[in-house]
Amino acid sequence: MQRNPYEMFKQQIDEAAPFLKIDQEYFDILKEPKEVLELSLPVRLDDGSVKMFKAWRSHFNNALGPYKGGIRYHVQVNRDEVIALSGWMTIKCAVVRLPLGGAKGGISCNPAELSTGELEKLTRAYALGVSRFIGTDYDIPAPDVNTNAQTMAWIADTYEKVKGFSEPSVITGKPIEVGGSLGRGTATAQGGVFILREALKELGLHGKDLTCAIQGYGNAGSFVHQLLQGMGLKVVAVSDSKGAIYNPNGLSYDKVKEHKLRTRSVVGFPGSETISGEDLLRVDVDVLIPAALEGMITESNANDIKAKVMLELANGPTTPEAEAILSDKGVLILPDVLANAGGVIVSYFEWVQGRTGDYWSEKMVQERLEERIVQSFHDIWAIKNNYKIRMRQAAYVQAIGRIASAMRFRGIWP
Ligand code: NAD
């Protein structure tokens, strides 16, 4: 049975607690979302029938600034998953020193079964439902699994029509033409690659002939393939929801991407061996990159993992039990709240650009992303070494300390 991600989140908070000298009340507050909106959305489908969809938006914590977090479309979406993801966003924004809190949204649906017109109707119904629950200085959504720049454009358009005026910073991950930021599409993967580069330097592995496997081939997973290839690393296995492919001599990004666009899966890529998603985790590689969904690395497969480093581009991919096994084996886990923070960092840049009307060059976005995320990596690395704890615990120590300090200044009121 899959671990409940909200329970996982609470356990991760507890695992950082012994290294923080703060009152218990802050941990109690940081285990509960501040407010959760639940929606039932009727959508008229192309065949004339009406289908009901359940959807949520969770505001976890806003001590550091407005709520921020993506919107996910997936059959697995449920209230606890959305709450967990909003908790992880809260920690992530604090880890990379953003003046933002944590939120998340999601619709329980299978987008593959919906036409483009039905997806637009569902998206606009959701946008209307959350329009009183989001805002530039309140809650700023963004893309996540199965949502993209087009989805964000529909939400921005619906919101602005409801309000009657333009508000470009109400949502990020928009198309450039609708006020998006250069570099947002690749930001999650780019941030992860900066983190991996710094970690490999610390381990004395930078510049070596290293191999990688990537689980999940969407926005995060496919772009990281491209960037790793550019760095000279060899990606030998990748997977998506339909299965996995393997070639010990390396998989070419351009060719796999073209195959995926044409056939809607990486499976069947010419010159590769088809393996199962579980087998991908067992491949003998230096770096394993979970970039799909939460709870994929568990106590039942952690022992089979051979990688030395795991870069968590997905949110919550590793259960606490699996993390304990991997740590005992000496695997360095670069945790989600740091490793995939590039996405929210560039979302923050997009928010700033929309508010000021001053749009940056791609070079400026990249430089500022690199500066912020590399500094955050070294801050967390120092805490890890100082307390002799895992990277995730160090990241939580940093984040909870910052959030609790803001809560202390604000006080509990009323
Ligand atoms: P996406 O929808 O673009 O891609 C998801 C990919 O995962 C798809 O290729 C899908 O086929 C694959 N997948 C689904 N189930 C799978 C399974 N059981 N085994 C292997 N592959 C499977 O989503 P994304 O935006 O790339 O997000 C992926 C992860 O990264 C999520 O955990 C998300 O929360 C996290 N993340 C994304 C961003 C972002 O900016 N997009 C930012 C931070 C974190």
Determine the gain in length on full extension of the stretch K255-E362; use 0.36 nm per residue of separation and subtract their C-alpha separation, reporting nm with one decimal. 36.0 nm
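Placing +1 at every Lys and Arg Cβ and -1 at every Asp and Glu Cβ, with all other atoms neutral, what dipole size does segment 32-86 have around its Cα centre, in debye to the nearest 20?
Roughly 120 debye for segment 32-86.
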Cβ-based charge dipole, the chain, positive-most Cα from Q366, V82, T211: Q366
If you add up the charges near G185, with Lys and Arg at +1 and Asp and Glu at -1, over every other residue whose beta carbon is less than 13 angstrom from its beta carbon, what do you get? 0
Just want the answer: with Cβ charges of +1 for Lys and Arg and -1 for Asp and Glu, which residue in I176, T318, N340 is farthest toward the dipole's positive end in the chain? I176
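On a 20 Å Cα-Cα criterion, which of the cross-link pairs K121/K174; K174/K234; K257/K363 come out too long? Walk me through the intermediate numbers first.
Values: K121/K174 18 Å; K174/K234 32 Å; K257/K363 25 Å.
Listed pairs above 20 Å: K174/K234; K257/K363.
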Give the percent of DSSP beta bridges with both residues in the chain that are antiparallel, rounded to the nearest 5. 50
Which value in nm describes the separation of the simple spin-label points at K31 and K329, placed 7 Å from the Cα toward the beta carbon? 3.0
Hey, which lysines would be in cross-link range of K31, C-alpha to C-alpha under 27 Å, not counting anything within fewer than 8 residues on its own chain? K10, K21, K54, K68, K92, K104, K384, K388
What FRET efficiency comes out for the pair M231/D304, r = Cβ-Cβ distance, R0 = 35 Å, nearest 0.05? 0.85
Among T263, M8, P141, which residue has its Cα positioned farthest towards the positive end of the charge dipole of the chain, with +1 placed on the Cβ of Lys and Arg, -1 on the Cβ of Asp and Glu, and the dipole taken about the Cα centre? P141
Dipole moment magnitude, nearest 20 debye, the chain about Cα centre, only Lys, Arg, Asp, Glu C-beta charged: 500
Given only helices, namely DSSP H runs of n ≥ 4 each adding -39500 (n - 2.57), what is the per-residue ellipticity at 222 nm of the chain, to the nearest 500 deg cm²/dmol? -14500 deg cm²/dmol
For segment 140-213 and segment 45-98, what is the separation of their Cα centres, given in Å? 16
Test item: Cα-centred dipole of segment 5-170, Lys/Arg +1 and Asp/Glu -1 on Cβ, debye: 240
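Determine, for each peptide in 77-90, 223-236, 247-260, 334-347, the mean count of other beta carbons within 10 angstrom over its residues, then list the peptides with the highest first. Kindly include the intermediate steps, with their values, before the conclusion.
Details: 77-90: 24.8, 223-236: 19.5, 247-260: 15.7, 334-347: 28.4.
Taking the mean over residues of other Cβ atoms within 10 Å, the ranking is 334-347, 77-90, 223-236, 247-260.
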With labels modelled as points extended 7 Å from the Cα through the Cβ direction, what inter-label distance (nm, one decimal) is found for D209 paired with Q2? 3.9
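Assign one of three labels to segment 5-170, namely rounded, prolate or oblate, based on the Cα gyration tensor with a ≥ b ≥ c the square roots of its eigenvalues; rounded applies when a/c is under 1.5, prolate when it is not and a/b is larger than b/c, and oblate otherwise. Kindly include the intermediate steps, with their values, before the conclusion.
Numbers: a/c = 2.59, a/b = 1.71, b/c = 1.52.
In terms of gyration-tensor shape, prolate.
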In nm, the gap between the two label points placed 7 Å beyond Cα toward Cβ at K161 and A112 is 3.0
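Laboratory data are not the source of any read-out in this text; all were calculated from the coordinates shown. Since the model is a prediction, treat every value here as computed from it, not as a measurement. Every residue, glycine among them, receives a Cβ derived from its backbone with ideal geometry; neighbour counts consider all protein chains shown.
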